[in-house]
1. Roughly how far apart, in whole Å, are the Cα centres of region 348-418 and region 285-302?
2. Could you tell me which of rounded, prolate or oblate describes region 304-373, using a ≥ b ≥ c as the square roots of the eigenvalues of the alpha-carbon gyration tensor, with rounded for a/c under 1.5 and, failing that, prolate when a/b is larger than b/c and oblate otherwise?
3. What ranking, highest mean first, results for peptides 259-270, 169-180 when packing means the other Cβ atoms within 10 Å averaged over each residue?
4. Go from 0 up to the bin containing the longest alpha carbon distance in region 125-194, width 10 Å each, and give me the % of pairs per bin.
5. Just want to confirm a number: the relative contact order over region 1-62, from Cα pairs under 8 angstrom separated by 6+ residues, in percent.
6. Mind ordering 391-402, 38-49 by average Cβ neighbours within 10 Å, highest first?
7. Quick one: Kirkwood hydrodynamic radius for region 25-64, alpha-carbon pairs, angstrom, one decimal?
8. Determine the equivalent ellipsoid of the chain by diagonalising the alpha-carbon gyration tensor, then write out the semi-axes as square roots of 5 times the eigenvalues, largest first, rounded to whole Å.
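A short reminder: the numbers here are calculations on the coordinates, not readings from a lab. Model, not experiment: these values are computed from the prediction. Methodologically, a virtual Cβ is constructed for each residue, glycine included, from the backbone with ideal geometry; neighbour enumeration extends over all protein chains shown.
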Ligand code: EPU
């Protein structure tokens, strides 16, 4: 019998106090598979205890690695890895399972990984990953729902990405450190987790320069070694907590964060009239819930992140006026809007643009999360709404937010995670 959970939020309570952000999910899901390349034990610290990480642990164990995970610290011993074909039941549960393609191909010369799953937020093609790997001499075919790779003429090369795709940049970096010769990735993604992966690879002895800019240079084929590495704080969780604090009102300090990763969001919150103050690794948000409307356009880093489009749209439902949101990264990231409308929001969606007319209040009701960040948007709405909001499909939220109910409760929110039996 499947256990289903809901998040029950009683809105209208301000948030106050300090809360520590967890380690980055999207950094973790790249760095954990990358650790297999060391051929020796690695220790990775500050990992978030989220479902995507749990699935990766299962997948690594299935491949033959020894993995222990406690209090955010993971010990990975890859010396027993003998398999290169993770099963469909695990791979389909997350997007990042395809990071195992370059890793396992680097170790075994071939791999078979079921096509990736992940959130339903529009088409998520992987042509740039296939292009990156094939430019490095690795043939990748789709066979019966799986990506099947074979290193045919592995060698460094110049890889030009048509768009700065995070996934394609990660996969090409992972392959490039394993193939002999020099690789240049042009038009690379610049997200903080790309820089974190590059730093982790560097800590294992790889030569990776330029991460965080459009051009990444890699000298491949070096022998790598074990490493002890601490991953960056989660940019999107930090942003979600900032938006939640603005939504609920009050005075919240987020600790353990990297404020420079948050500049696009901080600028928008300041424009809305929310107090944002950075100091070292702390971000303080003070809000009286009286907010001006703003226009937001999602872009690749350092632009406004698409993963925070849904939460800020929820916040803007109660701003005093009209806001225009333009989603440029994904074609279908507005599924949650229907749920916000059920709570009384006034939002029109035309293609990739959402026009949000602020309303005086939202009303709590049962709603359903359609993906991870849609879930975050519904939490933000629930904190602002009058009455009770009950969010179902908590499994999506658990994929990427570590104990979000507990964290919000500690700040004074009335949030409960309720187990239901189906
Ligand atoms: N794209 C292509 N071809 C490709 C790759 C991408 O056309 O080969 C397009 C996609 O269709 C999409 C855009 O480029 O429109 C961005 O895709 P990207 O490859 O950059 O995204 P991703 O690697 O699939 C990661 C994050 C997402 C985040 C995006 C954008 C991970 C595991 N996932 O996805 O995170 O939205 O980058 O920043 O790192 C989330 O955490 O909620 C999440 C969805």
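1. For region 348-418 versus region 285-302, the Cα centre distance is 17 Å.
2. On the way: a/c = 1.77, a/b = 1.22, b/c = 1.46.
Note, shape of region 304-373 comes out oblate.
3. On the way: 259-270: 18.7, 169-180: 26.5.
Highest-to-lowest ranking by the protection proxy: 169-180, 259-270.
4. Histogramming region 125-194 at 10 Å steps yields 23, 54, 22, 1 percent.
5. Details: 24 pairs, mean separation 22.9, N = 62.
So the answer I get is 37 percent.
6. On the way: 391-402: 22.4, 38-49: 19.4.
Per-residue mean Cβ counts within 10 Å order the peptides as 391-402, 38-49.
7. Details: mean 1/r = 0.0950 Å⁻¹.
Value: 10.5 Å, from the Cα pair sum.
8. On the way: eigenvalues 279, 93, 82 Å².
Over the Cα atoms of the chain, the ellipsoid semi-axes are 37, 22, 20 Å.
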